[in-house]
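Note sheet for the following structure.
The values are calculated or read from the model by the stated rules, or taken from the named source; none is laboratory data. In this text, all values refer to a predicted model and were calculated from it rather than measured experimentally. Methodologically, a virtual Cβ is constructed for each residue, glycine included, from the backbone with ideal geometry; neighbour enumeration extends over all protein chains shown. Side chains are part of the model used for accessible areas, which takes the heavy atoms of the whole protein and leaves out ligands, DNA and RNA. Shrake-Rupley method; radii C 1.70, N 1.55, O 1.52, S 1.80 Å.
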Amino acid sequence: MSAAATTWEFWIDRGGTFTDCIGVAPDGRLHIAKVLSSDTAPVEGIRALLEREADLAPGAPLPACRVKLGTTVATNALLERRGAPTALVTNRGLAGVFTIGTQERPELFNLNIQKPPPLHAQAVEIAGRTGADGTTTELLDEAATRQALRDARDAGCASVAIALIHAYLDPTLEEQVATWARDAGFDHIVASHEIAREIGLLARGETAAADAYLTPLLRGHIQHLEDALPGSHLRFMQSSGALTDAAHFRGPRALLSGPAGGVVATLRVAAEAGFAHAIGFDMGGTSTDVSLVHEDEVDRSFETRVGGVRVKAPMLSIHTVAAGGGSLCRFDGFRLLVGPESAGAKPGPLCYGRTDEAGRRLAREPALTDVNAFLGRIQPDHFPFPLDFEPVAAALEELRERLAKAGFARDPDALAAGFVEVANASMAEAIAQVSVSRGVDPRDHVLVGFGGAAGQHVCAVARRLGIRTVLLHPLAGLLSAYGIGVAELGFDGERDAGRVPLPEQGLPDAVTSALAELAAEGQGALAAEGASPDAITCEPWLDLRYAGTESALAVRAPEDGDWQAAFAREHQRRFGYTRAGRPVEIATARVRARAGDATPSAAESPAAPSADPTPLRHEHVWFPDAGRVDAPVYERHALQPGHTLAGPALILEEAGTVVLDAGFRLHVEAGGRLRLQDEGAAAHARPRAAADDPVRLEVVGNRCMSIAEQMGAVLRN
């Protein structure tokens, strides 16, 4: 028997509030656990599963296992500015570039602009320069450079990022400075050409700084896991949606580590159900991430601004709003607010009942989870700890009194329902941002809901946008972890193409050579990570644009070799027009290499019984358009392929709750997947909120609910 057949494998997504763990036993069966997020949460989740399912003695050493992990360590460190002390080395006279930036104004009418601080603690300017033609126009001053590096090290900088102008053409000078930096004793050294060999000093330098700033923290996190899991094989999810070994996991490619797993899972779930167009709706404890799958492909970006820093790295396109189960629910005297502040893992929502050592409650304000619990939309059956509903009712009563004093009389149910409506509006708008704003009609897509809180809102959000079909995987509450588990090994390489003209037929020799070199590099990298050469596939891509324009489109190599036609099709799809006769130029050559992993499969679901499912009980639950009704409550494991249910109803899962709204019919499909069909969308169109209604404004992301309503009206008409 192979080692893989006798070893447990774990798929883990460390989120902002919960860490989701899926354990794959040697017999292929899947087991799940949720633990509150912390630095030790992945190990705690592994231990909990092994003690429960493999009879591991409490406190016993953990056995060697295979671990695939998505983590928020790099993202949180970037947003909170708590990375490694970093020195940035650049050309004489150019350090100011990384402070001034592009001078763009993300918020045009904001008169009090607060720029995020740069990542580097110290800038070091040195002599030495490469010209725009790739030749050396000024030699390095070795003595002065060595001294400047020693000074930066003595000043407390532990990492160094080297970003010299035109280094993408010839990296010789950066390589030499890196050698001297090693002699100076820096813990982590990165040269910009190593991670982003493209034109653009500012973005390339900021990416190098992000690597120097974040990668040491990732190394520390990885070392902690390796110490706790001796002999285990660790792989990490990258922002591109591909896995890599721990040794190659770097900061700039880790910023969407967890959410990328959800996008991979969205693509898989939709494809298994026979859909080529899908929208991923990932609602967790802190935020909601939405993504678009169009024609079996997920949009990617290669330069993204995260936490005020430009990062050149392949990332799946994900739009995030601060609306999650932990989002705080407030009244500011004029309107109801949901987020962006979150209760997080600690103190968590009020109903978690967390107290300090003196027994005082840690939470002070209700969160969206509390509101759903008050409305009966969350039941305590499968929570890993008891829920306390008393402080929730008290907090909502206090808010109700404040609304009444402001002239908005609402009973507690109406107040709680208002918060749910506000959250639904913001999430519907986020979906419109990734679909309508790109010229894509969401009604032509299925909505794949996942995350611990998505099941409570997915029907209402789908109805707002006119989406008639919703898919829920059996592991919907942990689907990002599932996506991490089924993802492939991956390598993404790029090379600046010099903005050369695209011929009518074929490619320039230099571009063909660059693609071949990148393919060889990708094959070598994946082979070194254990991939079989026969399992590795390499896809060439080109960033193409019309001459004289700035924005390029990433175009996959066409099967017929006609790059001109492929670019025209993509431009037409994205922008709705083409420019016949306008020259096209090649900005960047890219190769995406992937290798399938031997992912264990889950055990088959038992055959469906002939009898209809029996409710566990009935509960008094609030539903949109229906109010409080006595709704049947079902256990998810009691639903087998072939069963159907009509809303309103609740379905209790191990990692979440599905709220089946009135007008929706649930069908249980092969493998336990749920398909929710909206059979009454037209009859449930909502009137616009009154002008004096405090629920009228959706404030997550500082946008008005009326925007979401207008988009919905456009789609319905």
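Report the calculated FRET efficiency for residue 127 and residue 556 (r = Cβ-Cβ distance, R0 = 51 Å), to the nearest 0.05.
Plugging the Cβ-Cβ distance into 1/(1 + (r/R0)^6) gives 0.75.
Positive end of the charge dipole of the stretch 362-469 (Lys, Arg +1 and Asp, Glu -1 on Cβ, about the Cα centre): tell me which of 428, 368, 380 has its Cα farthest that way.
428
Quick one: with all protein chains in place, what share of the accessible area of the stretch 1-140 is carbon or sulfur, to the nearest percent (1.4 Å probe)?
Answer for the stretch 1-140: carbon and sulfur cover 55 percent of the accessible area.
Relative to the present Cα-Cα distance, how much length would full extension add between residue 582 and residue 104 at 0.36 nm per residue of separation?
This chain segment gains 169.2 nm when fully extended.
Which of the DSSP-defined H helices in the chain satisfy a minimum axial length of 27 Å, computed from C-alpha atoms, and a minimum mean Kyte-Doolittle hydropathy of 1.0?
On the way: long enough: 201-228 (40 Å, 0.00); 412-434 (34 Å, 0.86); 509-528 (28 Å, 0.68).
TM-like helix candidates: nothing returned.
Using unit Cβ charges (K, R positive; D, E negative) and no other charged atoms, how large, in debye to the nearest 20, is the dipole of the chain about its Cα centre?
That gives the chain a dipole magnitude of about 1380 debye.
Working out 0.36 nm times the residue gap between residue 385 and residue 549, then minus their Cα-Cα distance, what length gain in nm do you get to one decimal?
Going from the current span to full extension adds 53.4 nm.
Given the C-alpha atoms of the chain, compute the convex hull and give its volume per residue in Å³.
184 Å³
Order the peptides 75-84, 278-287 from the highest to the lowest mean number of other Cβ atoms within 10 Å of their residues.
Highest mean packing first, the order is 278-287, 75-84.
7 Å from Cα along Cα→Cβ at both residue 271 and residue 136: what's the point-to-point distance in nm?
Label-label distance for residue 271 and residue 136, simple model: 4.8 nm.
Roughly speaking, what is the stretch gain from residue 499 to residue 640, that is 0.36 nm per residue apart minus the C-alpha to C-alpha distance, in nm to one decimal? Mind dumping the intermediate values first?
Values: separation 141, 0.36 × 141 = 50.76 nm, distance 5.64 nm.
Fully extending the segment from residue 499 to residue 640 adds 45.1 nm.
Can you give me the Cα centroid spacing of the stretch 7-36 and the stretch 371-416 in angstrom?
32 Å
Which of the peptides 530-543, 320-333, 191-204, 53-66 is most tightly packed, and how do the rest follow, judged by the mean count of other Cβ atoms within 10 Å per residue?
Answer by packing, highest mean first, reads 320-333, 191-204, 530-543, 53-66.
Per residue, what accessible area does the chain have, given a 1.4 Å probe and all protein chains present, in Å²?
41 Å²
Give me the net charge of residue 578's neighbourhood, meaning all other residues with Cβ under 12 Å from the Cβ of residue 578; Lys, Arg count +1, Asp, Glu -1. Please list the in-between numbers first.
Values: positive: 569, 573, 574, 579, 582; negative: 570.
Within the 12 Å Cβ shell, the charges total +4.
Starting from the Cα of residue 155, step 7 Å along the direction of its Cβ; do the same at residue 670; then give the gap between the two resulting points in nm.
Reported label-point gap for residue 155 and residue 670 is 6.4 nm.
What ratio of Cα Rg to 2.2 N^0.38 Å holds for the stretch 624-670?
1.13
Given only helices, namely DSSP H runs of n ≥ 4 each adding -39500 (n - 2.57), what is the per-residue ellipticity at 222 nm of the chain, to the nearest 500 deg cm²/dmol?
-9000 deg cm²/dmol
Could you pull out every one of the lysines with an alpha carbon less than 21 Å from that of residue 68, ignoring same-chain neighbours closer than 8 positions?
Hits, sequence-local ones excluded: 34.
Between residue 53 and residue 617, what's the calculated FRET efficiency when r is the beta-carbon distance and R0 is 30 Å? Round to 0.05.
On the way: r = 28 Å, r/R0 = 0.94.
Step by step, r from the Cβ atoms, then E = 0.60.
Taking the Cα-to-Cβ direction at residue 629 and at residue 575 and moving 7 Å from each Cα, how far apart do the two end points lie in nm?
My value for the distance between the label points is 4.9 nm.
In a shell of Cβ-Cβ distance under 12 Å around residue 657, excluding residue 657 itself, what net charge do Lys and Arg (+1) and Asp and Glu (-1) give?
-3
By average Cβ neighbour count within 10 Å, what is the ranking of 136-146, 22-32 from highest down?
Order by mean packing, descending: 22-32, 136-146.
Placing +1 on the Cβ of each Lys and Arg and -1 on the Cβ of each Asp and Glu in the stretch 33-154, which of 90, 42, 74 has its Cα farthest towards the positive end of the resulting dipole?
The one lying farthest along the dipole's positive direction is 42.
What is the Cα centroid distance between the stretch 73-147 and the stretch 217-278, reported in whole angstrom?
About 29 Å separates the Cα centre of the stretch 73-147 from the one of the stretch 217-278.
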